[in-house]
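Undergrad: Provided herewith is a single structure, encoded as C-alpha cells, for subsequent inquiry.
The values are calculated or read from the model by the stated rules, or taken from the named source; none is laboratory data. Bear in mind the structure is a predicted one, so any value in this text is a computation, not a measurement. In this analysis, Cβ positions are derived from the backbone assuming ideal geometry, glycine residues included, and neighbour counts consider all displayed protein chains. For the accessible areas, the whole protein counts, side chains as well, though only heavy atoms, and no ligand, DNA or RNA atoms are used. Shrake-Rupley method; radii C 1.70, N 1.55, O 1.52, S 1.80 Å.
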Amino acid sequence: MTIAATRSEPFAVGRPGLVERLQVALPKLVLAPSFAAILLFVYGFILWTLYLSFTNSRMMPVYELIGFDAYRKLWAQPSWYTALQNLAIFGSLYIGLCIVLGLLLAIFLDQKIRGEGVLRPIYLYPMALSFIVTGTAWKWFLNPGLGLEKTMHAWGWTSFHFDWLVNPQMAIYTVVIAGVWQASGFVMAMFLAGLRGIDGEIIKAAQIDGAPAWQLYRRIIIPMLRPVFLSAFVVLAHLTIKSYDLVIALTNAGPGGASQLPSTFMYSFTFTRNQMAVGSASAIMMLMTIVAIMVPYLYSELREKGR
Amino acid sequence: MTSLASVAAPAGPVGGSRLGKILVYGVLLLFALFFLLPLFVMIVTSFKTLDEIRDGNMLALPVAPTIEPWIKAWGEACIGLTCAGIKGYFWNSIKMVVPAVAISTMLGALNGYVLTKWRFAGHKLVFGLMLFACFIPFQSVLIPMARILGLLGLANGTPGLVLVHVVYGLGFTTLFFRNYYEAFPSELIKAAQIDGAGFFQIFWRIILPSSGPIIVVTVIFQFTNIWNDFLFGSSFASGESAPMTVALNNLVATSTGVREYNVDMAAAMFAAIPTLLVYVLAGRYFVRGLMAGAVKG
C-alpha cells in the first residue's frame, strides 16, 4: 500500500509535467513533419543524386561507386558544351535585357503617367502564364511559314526573312525573346517598387540644384536602386538555370540539340538516353551554380533582417 | 527644359517637356503592344478556320469567327493515342492543384507561426534550410523522387504529383507566412498565453483571423506555380494522368497529320485561362507573392 503510494507519487507529479512537456514540444512537433520532409526530399535526395553521379548508373540506378567517371564523360560531351554555351548566351541576354527593359519601363511609368493602372497589368500578365503557353504562343508567332514572316510579306516587306526557330545558329535567341517577354514586366514591378520607395525629399533637393532629369537618374536615383538590381539579378539568374519548360515548348532543345540547356541535357541523358550517372553529374553541376549564387544572397538577406 | 523639369512633380522629372512626354508615352504604348501581341495572336488564331490561317494575315481579326477549334481542343483533339481532347487533363490539373495548394498553404501557415512566435534554439538554421529548398534546381532531386514515388506506388498519378508539389512548395509557403507573422505583435500572443490559451487556440483565434491577405497571396502564388508546372508533371505523370501543361505540349508537339494551329491555340488558351483569371481578379496579390518570392518580403 505504502509502496504503491510512493510509487504513484512521482507519477502524480510527473503527469502535469508530461502534459507541460508536450505543450512545450508542441510547436516543434507541428514543424517537424515539414522539416523532416524537406530534409529527406531536398537534402537527402541531393545526396542521393550526388551518390549516383559517382556510379555507373544507366537506365536503372546501381550503387557501386566508381569515382569521377560520370563527370569525365560529362565534360567530354560536345552537347554539354553546347548546353553551357547556350546557358551563357541565354543567361546574359535574358538577365541583361530584362533589367534594362524593366528599369526603363519603371522609370517611364514613374512619370505620373495617365493610365498607369492599365499599363502595369499589361506588362506583368505574361508572368502568370505557363512557360508552355508562352512557348506555344511564340512558336506560332515566329512560325517561319505562317507567322511574323508572312505578316511582313503581306505588309509589303517581301525580303523579310525570319527563320530563327529552325535555324540552329539562332534558335537559342528565340528563347531569349520569349523569356524576356515573360519576365521583364516582373522586373519592371520590382524597380517600380524601388522607385516608389525613394524619399521624395532627396529628389526635390536635387531638382532645386537644377540638375537635368537624366542626370538626376544617372547620378542619384539609379545608384539608390542597387539592392533592386541585386534582387533582380539573383531572381533572373535563378530562373535562367532552372529554365526548362520554355525551351521544350519553343524549340524542344532543337533543331538537332542546338538550343540545348543544362536542364534539357540532364533530362534527356537521364530519361531518354539511359545515362543516369551522367545526368546526375549534370544535375549536380546545376545545383553548384545555384548554390554559388543563392547562398551568399540568402545569407546576407537573412543577416540584414538581423534575426 | 531644366526649369520645366524642376516644376514637374517629384515623381516625374523626365516627362517635363512636351517632347519628353510624347517620347515617354510612345515607348510605354509600344511596349504595351509588344506584351499584348502574342496573346492577341493566340486568341484570334483560335477563332479562325484553318483555311483562313493559311491564306490570311496572322494579325487580322477572324473573318468568319468559329468556336470549332475550342470545341475540338476541349473534347476531340488527339493527344498521344486517344482523341478525347484536353478536358481530362484539365481536370487532372484541377485535382492536383486544389489539394496541393490547400495542404502546402496550411502547413506553411503553421510553420510560419512556429518560426516566429514559438522560437526555439536553431530556428534560424531550420528556416534557412527550408528557404534554400525553394531555390534548388529540381533536376537534382528528380531521379530519387522518381524512385521513391515508384516505391510508394504513387508513380504516374495525381496523388504523387500532389505530394511532390506540397513538399517542394513548403519552402515558399513557410517563407511567406514567416515574413508576415514577423510583424504580428507578440504582445497579443503573450497576453493570450497568460489567459491560458494554448498553441492551437492562439493560432485559430488570434493568428488565423488576421492572416487573410497572406493566405490570398500564398494561395495565388501556389496555384499559379503548380498549375504552370511542367517538369514534375512530365517526369512523374505520363499518359492519361498527365496535367494540362504536359498535355498541351504533347498536343502541340504531335507531328502526325495536319497541323491544326487553331486547335493548338485554343488548347493553349484553356491552359492559360485559369491563371489569367486569377491574375485579372487578384493581380495585386499575385504581384505581392512574386515580390515576396524574390525574398524581399
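Undergrad: In a shell of Cβ-Cβ distance under 14 Å around B:Asn57, excluding B:Asn57 itself, what net charge do Lys and Arg (+1) and Asp and Glu (-1) give?
TA: So the surrounding residues net to -1.
Undergrad: Please return the longest stretch of chain A lacking exposed loop sites, where chymotrypsin sites (Phe, Trp or Tyr not before Pro) count only if DSSP places them in a loop and at most 15 other Cβ atoms lie within 10 Å.
TA: Formally, the longest exposed-site-free interval is A:161-307.
Undergrad: Further, regarding this structure: Can you show me the helix-derived [θ] at 222 nm for chain B, built from DSSP H runs with n ≥ 4 at -39,500 (n - 2.57) apiece and divided by the number of residues, rounded to the nearest 500.
TA: That comes out to -23000 deg cm²/dmol.
Undergrad: Based only on the alpha carbon positions, what is the Kirkwood hydrodynamic radius of region A:123-182, in angstrom?
TA: 12.3
Undergrad: Can I ask one more? If ligands, DNA and RNA are left out, what is the accessible area of A:His161 with a 1.4 Å probe, given in Å² to the nearest 10?
TA: 130
Undergrad: How long are the semi-axes of the equivalent ellipsoid of region A:211-283, defined as square roots of 5 times the Cα gyration tensor eigenvalues? Whole Å, largest first.
TA: Values for region A:211-283, descending: 41, 14, 7 Å.
Undergrad: Please list 3J(HN,Hα) in residue order for region A:254-262, calculated via the Karplus relation 6.51 cos²θ - 1.76 cosθ + 1.60 where θ = phi - 60°; whole Hz, with x for glycine and proline.
TA: After applying 6.51 cos²θ - 1.76 cosθ + 1.60, I find x, x, x, x, 6, 10, 4, 10, x Hz.
Undergrad: Taking a quarter of the surface of the Cα convex hull of the protein assembly as shown, what do you get in nm²?
TA: For the Cα atoms of the protein assembly as shown, the hull's average projected area reads 35.1 nm².
Undergrad: Excluding ligands, DNA and RNA, what is the accessible area buried between chains B and A, summed over both sides, using a 1.4 Å probe, to the nearest 100 Å²?
TA: Chains B and A together bury approximately 9300 Å².
Undergrad: Further question: Could you list log10 I(q)/I(0) for region B:36-179 at q = 0.15 Å⁻¹, which the Debye formula gives when each Cα is one point scatterer?
TA: -0.91
Undergrad: Let me check something: with ligands and nucleic acids excluded, how do A:Met266, A:Met59 order by accessible area (1.4 Å probe), largest to smallest?
TA: Largest to smallest exposure gives the sequence A:Met59, A:Met266.
Undergrad: Now for a different question. Taking only the alpha-carbon atoms of chain A, what semi-axes of the equivalent ellipsoid follow from 5 times the gyration tensor eigenvalues under a square root, in whole Å, largest first?
TA: Semi-axis lengths for chain A are 47, 36, 18 Å.
Undergrad: What does the C-alpha gyration tensor say about the overall shape of region B:197-297? Classify as rounded when a/c is under 1.5, otherwise prolate if a/b is larger than b/c, or oblate. All intermediate terms of the calculation are to be shown ahead of the outcome.
TA: Working: a/c = 3.33, a/b = 2.32, b/c = 1.43.
Judged from the Cα gyration tensor, region B:197-297 comes out prolate (a/c at least 1.5, a/b above b/c).
Undergrad: In Å and from the alpha-carbon atoms only, list the Rg and Dmax of region B:87-293.
TA: Using the Cα atoms of region B:87-293, the pair Rg, Dmax is 19.6, 73 Å.
Undergrad: Quick check: Cα centre of region A:240-256 to Cα centre of region A:258-291, how many Å?
TA: Their Cα centres are 13 Å away from one another.
Undergrad: Name the chymotrypsin sites (Phe, Trp or Tyr not before Pro) in region B:21-98 that are in a loop by DSSP and that have at most 13 other C-beta atoms within 10 Å, would you?
TA: Taking region B:21-98 and a limit of 13 other Cβ atoms within 10 Å, no loop chymotrypsin sites (Phe, Trp or Tyr not before Pro) are found.
Undergrad: If I histogram all Cα-Cα distances within region A:62-111 using bins 5 Å wide from 0, what percent of pairs lands in each bin?
TA: 4, 17, 12, 12, 10, 10, 9, 8, 6, 5, 4, 2, 0
Undergrad: Per 5 Å bin from zero, what fraction in whole % of the C-alpha pairs of region A:87-137 is there, up to the bin with the longest pair?
TA: Reading upward from the zero bin: 4, 16, 18, 22, 20, 12, 6, 1.
Undergrad: I would also like to ask the following. Enumerate cysteines in chain B without a disulfide-compatible partner, where compatibility requires another Cys Cβ under 4.7 angstrom.
TA: Within chain B, the cysteines lacking a partner Cβ under 4.7 Å are B:Cys134.
Undergrad: For chain A, what does -39500 (n - 2.57) per DSSP helix run (n ≥ 4), summed and divided by total residues, give at 222 nm, in deg cm²/dmol to the nearest 500?
TA: -22000 deg cm²/dmol
Undergrad: Next question. Across region B:172-188, in residue order, what do the Karplus-derived ³J(HN,Hα) couplings come to in whole Hz, using 6.51 cos²θ - 1.76 cosθ + 1.60 with θ = phi - 60° and x for Gly and Pro?
TA: Result, rounded to whole Hz: 5, 5, 5, 4, 4, 5, 4, 5, 6, 6, 3, 7, 6, x, 6, 4, 4.
Undergrad: Under a 5 Å amide H to amide H cut-off, with H placed in plane at 1.01 Å, what residues pair with A:Thr55 once short-range neighbours are removed?
TA: A:Ile66
Undergrad: Now for a different question. Largest first, how would A:Ser92, A:Ser184, B:Ser17 line up by accessible area (1.4 Å probe)?
TA: Details: A:Ser92 80, A:Ser184 0, B:Ser17 20 Å².
Greatest to least solvent exposure: A:Ser92, B:Ser17, A:Ser184.
Undergrad: Mind listing the phi-derived Karplus ³J(HN,Hα) values for region A:233-239, rounded to whole Hz, using 6.51, -1.76 and 1.60 with θ = phi - 60°, and x for any glycine or proline?
TA: 4, 5, 4, 5, 5, 5, 5
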